[in-house]
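Asker: The structure under discussion is supplied below as structure tokens; questions concerning it will follow.
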Amino acid sequence: MHVSLVMTIIGQDRPGLVESVASLIADHGGNWLESRMSHLGGQFAGILRVQLPGEQEEALVRALKSLETKGLSIVVIAEQPKPAAGAEPLTLLEIVGQDRPGIVRQISLALASHGVNVEELDTECHSAPMSGETLFQAQAKLRIPASCNTAELRLDLEKIAADLIVDISIAPLPPIRPAHPT
């Protein structure tokens with residue numbers, strides 16, 4: 001029986017950091033399935049999902065914990081069961097505007113109040129090309145439940161956009177189609 005594990009990794013960025021984790025996973029018969037990793041504020045941060053033989057789970061977790069002596073903090077949890085078939089389609093939310101504290105809080109509060117699940121969230125700040133002011137940009141993949149009044153959700157998001165002076169767009173993502181063998 002195989003198990004899937006989800007883990008977060010954070011530590012001072014340095015060469016060989018990913019390799020040290022990948023080696024331990026491979027040494028325990030694991031398969032690196034998916035990950036999101038990035039350099040943030042001088043730190044290396046990532047989340048990944050691996051699959052391995054069930055009898056190797058405890059040994060892998062112990063081996064990963066040994067990396068704490070090298071300045072890595074790793075949290076490992078067992079993957080949760082997948083949602084039932086028929087889950088809501090993904091919707092893309094994009095936000096662009098002058099940076100200010102509270103943008104993510106206000107948007108996420110509105111989404112949560114409508115029962116919307118944030119599946120992915122990518123944010124960044126950078127200098128605007130002409131003015132040099134700090135621009136905030138975000139992209140979120142959302143699952144909007146069928147019970148959600150999407151007109152009310154749009155109104156709430158548009159009100160926040162006007163208050164914060166940001167542009168918000170929300171649109172359905174096309175379904176991902178499996179590749180067909182040729």
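The values are calculated or read from the model by the stated rules, or taken from the named source; none is laboratory data. Just so it is clear, the model here is predicted, and its values are computed rather than measured. Every residue, glycine among them, receives a Cβ derived from its backbone with ideal geometry; neighbour counts consider all protein chains shown.
Asker: Could you name every one of the strands (runs of 3 or more DSSP E) located completely within segment 1-90 that has at least 3 residues being exposed (fewer than 13 other Cβ atoms within 10 Å of the Cβ), of a type in the set (S, T, N, Q) and in contact with a strand residue (DSSP E or B) (Cβ under 7 Å, 6 or more places away or on another chain)? Explain how you work it out, then say what you get.
Answerer: Working: elements: 2-12, 31-40, 43-53, 72-78.
In segment 1-90, there are no strands (runs of 3 or more DSSP E) which contain 3 or more residues that are exposed (fewer than 13 other Cβ atoms within 10 Å of the Cβ), of a type in the set (S, T, N, Q) and in contact with a strand residue (DSSP E or B) (Cβ under 7 Å, 6 or more places away or on another chain).
Asker: What's the number of the condition residue 136 fails, among (1) of a type outside the set (Ser, Thr, Tyr); (2) more than 26 Å from residue 10 (Cα to Cα); (3) in contact with a helix residue (DSSP H, G or I) (Cβ under 7 Å, 6 or more places away or on another chain)?
Answerer: (2)
Asker: Next question, about the same structure. Which of the numbered conditions does residue 176 fail, given that it passes all the others? Conditions: (1) surrounded by 12 or more Cβ atoms within 10 Å (Cβ to Cβ); (2) within 19 Å of the chain's Cα centre (by Cα); (3) modelled with pLDDT under 90; (4) not basic (Lys, Arg).
Answerer: Evaluating residue 176 over (1) surrounded by 12 or more Cβ atoms within 10 Å (Cβ to Cβ); (2) within 19 Å of the chain's Cα centre (by Cα); (3) modelled with pLDDT under 90; (4) not basic (Lys, Arg) leaves (1) as the failure.
Asker: Show the residue pairs that are 6+ apart or on different chains and have beta-carbon atoms under 8 Å apart, the first residue being within segment 64-85 and within 30 Å of residue 143 (Cα to Cα) and not assigned by TED's automatic domain parsing to the domain that holds residue 143, the second being at pLDDT 90 or above and loosely packed, with under 10 Cβ neighbours inside 10 Å.
Answerer: Matching pairs, first to second residue: none at all.
Asker: What's the number of the only condition in (1) touching a strand residue (DSSP E or B) at 6+ places or on another chain (Cβ under 9 Å); (2) closer than 26 Å to residue 36 by Cα; (3) of a type outside the set (Phe, Trp, Tyr) that residue 105 fails to meet?
Answerer: If we test residue 105 against (1) touching a strand residue (DSSP E or B) at 6+ places or on another chain (Cβ under 9 Å); (2) closer than 26 Å to residue 36 by Cα; (3) of a type outside the set (Phe, Trp, Tyr), just (1) comes out false.
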